[in-house]
Amino acid sequence: MGEPVLPPMTSQRPYILRALYEWIADNGMTPHVLVDARVSGVRVPAHTVKDGQVVLNIADRAVARLEMDNDALRFSARFGGVSQSVVVPMAAVIAIYARETGQGMALPADLPSETADAGADAAPSAAPETPADTDPPPRSDPPKRGSHLRIIK
């Protein structure tokens, strides 16, 4: 008799993101996320993107209607005094950390089958004005290990 075939597990990324967000907020710190703005479906103001990435403050006092579901991070925030809707597919979240201490973590890469499933779900949410539409597709190189976070003031 063979082993039972188990259904594939869902991505761990949204669960880790929500847990770390709660940990950072519970400790009175300011949660920031590092986002790969080149991933399909990312909707952030183009002027906030630098070198294909953007750091977003997702503290309660900085955003409105924050939602962190299994597919994406969504909220409204003011950029230059203008309220804008932000959408970040889970596949685009590189890391979450506390602004004050830098403590947090880079989110682990999903298994290939999970990434393919997440990409299929994220693609329809792409808006025509997203920075991802004008940038080259993300590289398929494996992520570099080691610290790549920097404190932005």
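A few comments on the model shown:
- Rounded, prolate or oblate (a/c below 1.5 giving rounded, otherwise prolate when a/b exceeds b/c) for segment 23-62 by Cα gyration tensor: prolate
- Amide hydrogen neighbours beyond the local backbone of Ala95, cut-off 5 Å, H modeled: Leu34, Leu107
- Computed about its Cα centre, the charge dipole of segment 16-62 is approximately 180 debye, with only Lys, Arg, Asp and Glu carrying charge at their Cβ.
- When Val55, Val88 are compared by accessible area at a 1.4 angstrom probe, the order from most to least is Val55, Val88.
- Placing Glu3, Glu100, Glu22 in order of accessible area, with the largest value first and a 1.4 Å probe, yields Glu3, Glu22, Glu100.
The values are calculated or read from the model by the stated rules, or taken from the named source; none is laboratory data. Keep in mind that this is a model prediction, so the values were computed, not measured. Using ideal geometry, Cβ is built from the backbone for each residue, glycine included, and neighbour counts are taken over all protein chains shown. The area values use the complete protein model at the heavy-atom level, side chains included, leaving out ligands, DNA and RNA. Shrake-Rupley method; radii C 1.70, N 1.55, O 1.52, S 1.80 Å.
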